[in-house]
Amino acid sequence: MARSSVLGYPRIGKQRELKRALERYWAGESDEATLLETARAVRRAAWEVQRAAGIDLIPCNDFSLYDHVLDTICLVGLVPERFGPPEPEVSLPTYFAMARGKPGVPALELTKWFDTNYHYLVPEFDAATPRLASAKPFEEFAEATEFLGRPAKPVLLGPLSLLLLGKRHRKSLADHLEELLPVYREVLERLAVAGAEWVQMDEPVLVQDRSEDELRLLRRAYDVLGSTAKRPKIMLQTYYGSLDETSWDVVMSLPVDGIGLDFARDDGNRALLNRHGFPQDKVFGAGVIDGRNVWRTNLVEALEKLEEIAEHVSVDRIWVQPTCSLLHLPHDVRLETKLPEPLRALLAFAEQRLEELVVLTRALNEGRGAILDELERNAEAFRVALDGLPVVRPEVRERLARLTEDDFRRHSPYEVRQALHRERFRLPLFPTTTIGSFPQTTDVRRTRAQWRAGKLDDATYWAFIRERIAEVIRRQEEIGLDVLVHGEFERADMVEYFAEQLDGFIVTEHGWVQSYGSRVVKPPIIFGDVARPKPMTVEVIRYAQSLTQKPVKGMLTGPVTILNWSFVRQDISRREVAYQIALALRDEVADLEAAGIGMIQIDEPALREGLPLRRAEWDEYLDWAVRAFRLASSVVGDETQIHTHMCYSEFNDIIEAIDALDADVISIENSRSHGELLQAFQSYRYERQIGPGVYDVHSARIPSVEEILEQLERALAFLRPEQLWVNPDCGLKTRRPEEVWPSLENMVEAARRLRERYSQH
């Protein structure tokens with residue numbers, strides 16, 4: 001019999017219980033025991049909903065208090081020396097110190113998990129020798145098995161992925177692997193003794209381009225783990241894409257008991273299966289349900305894929321699975337009572353994915369006749385939606401068709417624009433600014449919630465927002481910032497704010513998805529052609545600018561980021577959707593300029609995030625992503641300065657694309673990388689201005705003037721003084737005012753000292 005399997009489940013809680021518990025704990029409002037009790041309740045709720053749905057193989061150890069990679073760092077004892085002497089078992093304070101930093105000690109680097117909007121903490125291999133330093137997998141296996149009354153399926157990040165996702169390798173990769181493998185063997189042995197039948201070993205790096213040496217390391221790793229005398233069966237799990245010819249041959253020959261493959265992202269694995277077949281002694285993990293998008297599965301299409309797989313693999317060796325962990329989905333679409341019914345019927349969140357898995361497993365075991373009712377309801381949902389939703393807007397399609405190359409480029413080259421900007425703004429050397437948002441304090445969140453609930457009228461709400469804008473403008477002027485922002489108090493989220501005002505989008509009430517730690521986002525859903533019915537930001541930015549003589553940046557989220565941080569329609573190309581969003585933003589940019597706003601920031605933190613995992617596909621993506629940004633930004637005159645912002649990314653390999661954006665100023669998240677991200681500018685002559693983040697906004701610590709100066713001096717090794725802006729890593733929304741203002745004061749003081757130094761040259 002085929003079996004249903006889940007690779008991982010949302011872990012923030014259906015009502016964001018874990019988020020609130022974490023934040024209370026960090027604020028000193030609750031203790032460790034209270035936090036752990038909430039965590040236990042969230043885990044058990046996830047197991048219960050999977051059991052109730054009829055899932056055969058339920059995962060455990062997929063839960064995390066902050067990040068599963070951080071959990072693995074603790075498991076194998078890779079705690080950098082700066083976090084204190086080794087502990088027999090990594091303590092909770094040390095765990096959170098690695099995640100968030102502590103006074104005088106920077107956190108681990110935070111970066112994007114493959115091409116998702118999830119962030120992971122980067123392992124460091126420059127200090128500790130691996131050892132078993134956490135009991136988490138064993139404790140959660142015991143807990144899940146007792147709760148379920150049958151063995152759960154422990155989930156582990158595999159050794160090759162852990163190694164390749166890390167940095168600061170002080171030895172060869174092969175030597176580091178040899179140090180890791182005894183720890184992994186011990187984990188497998190302890191899980192076997194505890195009664196685990198299967199363990200899911202995640203190796204997502206296998207869907208990227210891998211060298212022959214790296215594949216040899218893969219073989220070495222699983223030769224060792226596969227030969228462990230007493231171990232559970234190993235399901236080697238890949239996701240987010242397909243293997244290639246070379247990696248397919250290696251993976252299929254490994255001494256593992258099952259292999260999980262993504263059959264929904266693209267047709268690569270499907271083609272390889274039909275060309276080469278599948279080992280007859282292994283279980284096939286068939287990822288036929290999309291774990292990253294919210295559209296209901298077309299059951300007929302998914303069943304056809306399963307039937308095709310069954311031509312190569314006996315049904316009793318097939319696990320019906322999502323493509324990846326359901327971590328990337330909200331919990332339950334049934335909570336969205338305010339959505340239009342035709343749209344809601346087309347959506348499937350995590351709980352609905354469970355239902356789809358069970359239905360498809362039943363069909364594979366009993367034949368299509370067993371699910372005729374489900375197939376008919378599935379088809380009807382698609383028919384109703386097509387009739388009931390405004391998907392196509394002819395005016396948008398016509399506008400796209402009329403675009404020319406002139407719409408994608410600025411009027412004059414950067415050198416001409418730069419001279420005009422110097423004359424217009426008269427900024428000092430090392431100008432200081434922030435990225436956009438300021439702390440969303442309790443009163444801000446409460447007032448916005450009351451307004452949304454209809455408990456405050458528009459006049460009262462916007463009077464409150466104007467008061468906050470006036471206050472933050474005044475404070476920025478007092479501490480001496482050179483370029484100001486309005487604080488974004490009217491925005492709960494940088495994507496959702498625009499989605500609420502654009503046609504073609506819909507925003508959920510409860511569609512929360514974890515980004516990292518307690519940070520959650522609510523991705524909007526793009527269901528139709530995108531258009532801007534009216535200006536979205538002009539009034540508040542114009543008001544902010546009226547309060548000061550200093551420039552105030554207009555703040556927009558870029559088209560590629562809105563695309564990548566939304567659940568995207570699948571009936572047209574992502575390129576076309578990006579251009580539609582860009583046209584809507586182009587109108588907003590034009591209106592901001594007409595209102596007298598001289599600096600406009602179009603944030604693209606997700607530009608690199610959307611980069612395909614296979615290098616051969618990069619050029620196509622970067623071409624349309626860059627053009628989408630230019631379509632949005634190129635409507636302005638030469639006197640207007642265009643800024644953009646990017647979050648943690650490896651810039652070295654896309655520096656030409658960043659240059660091609662033709663933004664006048666770019667700010668980047670940089671501080672946790674210890675300046676490594678700036679090395680891209682060592683070999684590439686970048687002429688525009690850049691603000692490498694000088695302190696970490698994801699940590700509660702207040703950086704010293706000396707620490708910020710050190711960051712700036714590191715940047716000056718790669719950049720000319722006239723290129724360098726001074727700013728935090730990212731927006732300040734999640735920080736407390738008592739952290740923000742001293743940090744900014746130190747930042748301004750560091751810039752002042754640097755100016756003094758260079759004025760003497």
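All of the numbers you see were taken from the coordinates with simple rules; none came from a lab. Since the model is a prediction, treat every value here as computed from it, not as a measurement. Methodologically, a virtual Cβ is constructed for each residue, glycine included, from the backbone with ideal geometry; neighbour enumeration extends over all protein chains shown.
Sorted on the mean count of surrounding Cβ atoms within 10 Å across their residues, most packed first, peptides 252-261, 475-484, 2-11 read 2-11, 252-261, 475-484. Here is how the number arises for the chain: DSSP H runs of 4 or more residues each give -39500 (n - 2.57), the sum is divided by the residue count, and the result at 222 nm is -13000 deg cm²/dmol. Think of the chain as having a plus end and a minus end, set by charges on the Cβ of Lys, Arg, Asp and Glu; of 25, 86, 306, 25 sits farthest toward the positive end of this dipole. Amide H contacts of residue 668: 646, 691, 693, each under 5 Å away and 5 or more positions distant or on a separate chain (H built 1.01 Å from N in the peptide plane; Pro and chain starts excluded).
Partners of residue 136 within straight-line reach, counting lysines whose Cα lies under 18 Å from its Cα and excluding those fewer than 8 residues away in the same chain: 153.
Fewest Cβ neighbours within 10 Å first, please rank 486, 328 accordingly.
328, 486
Put a dot 7 Å past the Cα of residue 307, heading toward its Cβ, do the same for residue 571, and the two dots end up 2.6 nm apart. Just name one of 283, 318, 111: the one whose Cα is farthest towards the positive end of the charge dipole of the chain (beta-carbon charges, Lys/Arg +1, Asp/Glu -1). Result: 111. Can you give me the angle between helix 17-26 and the longest principal axis of the chain, using Cα atoms only, in degrees from 0 to 90, rounded to the nearest 10? In the chain, helix 17-26 runs at an angle near 60 degrees to the longest axis. The aspartates and glutamates within cross-link reach of residue 102, meaning a Cα-to-Cα straight distance under 15 Å and a gap of 8 or more places when in the same chain, are 81, 696, 707, 739.
The local environment of residue 392, defined by Cβ-Cβ distances under 14 Å, has a net charge of -3 under the rule Lys, Arg +1 and Asp, Glu -1.
Against the chain, whose longest principal axis comes from its Cα atoms, helix 212-226 is set at around 50 degrees. In this structure the amide hydrogen of residue 233, modeled in the peptide plane, comes within under 5 Å of the amide hydrogens of 198, 199, none closer than 5 places in sequence on its chain. With 18 Å as the limit, write out which pairs from 112/167; 19/522; 455/733 have Cα-Cα distances beyond it, or answer none. From 112/167; 19/522; 455/733, over 18 Å: 455/733.
Please identify the trypsin sites (Lys or Arg not before Pro) of the stretch 376-472 that satisfy two criteria: DSSP loop assignment and at most 12 other Cβ atoms within 10 Å. Which are they? Answer in residue order: 402, 426, 455. Restricting the stretch 50-145 to GluC sites (Glu not before Pro) that sit in a DSSP loop and have at most 13 other Cβ atoms within 10 Å of their own Cβ leaves 89. Under 5 Å between amide hydrogens, built in the peptide plane, is the criterion, and for residue 289 it picks out 321, 323 among residues at least 5 positions away or on other chains.
Taken about its Cα centre, the stretch 603-754 carries a charge dipole of roughly 220 debye when the Cβ of each Lys and Arg holds +1 and the Cβ of each Asp and Glu holds -1.
Taking label points 7 Å from Cα along the Cα-to-Cβ direction, residue 89 and residue 44 give a separation of 2.0 nm. Under the combined filter of DSSP loop state and at most 11 neighbouring Cβ atoms within 10 Å, the stretch 275-329 retains these GluC sites (Glu not before Pro): 311. In this simple spin-label approximation, residue 423 and residue 620 carry label points 7 Å from Cα along the Cα→Cβ vector, and these lie 4.6 nm apart. Once C-alpha pairs closer than 8 Å and six or more residues apart are averaged by separation and normalised to the residue number of the chain, the relative contact order reads 12 percent. Protection proxy ranking for 694-701, 19-26, using the average of other Cβ atoms within 10 Å per residue and placing the highest first: 694-701, 19-26.
Think of each Lys and Arg Cβ as +1 and each Asp and Glu Cβ as -1; about the Cα centre, that makes the dipole of the chain roughly 1100 debye.
In a reduced charge model with +1 at each Lys and Arg Cβ and -1 at each Asp and Glu Cβ, the stretch 442-489 shows a dipole moment near 320 debye about its Cα centre. Picking from 1, 36, 60, whose Cα lies most toward the positive end of the charge dipole for the stretch 1-110 (charges on Cβ: Lys, Arg +1; Asp, Glu -1)? Going by the Cα projections, it comes out as 1. Of the labelled options (i) 1.06; (ii) 0.99; (iii) 0.96, which one gives Rg/Rh (Cα atoms, Kirkwood Rh) as computed for this structure? Checking each listed value against the structure points to (iii).
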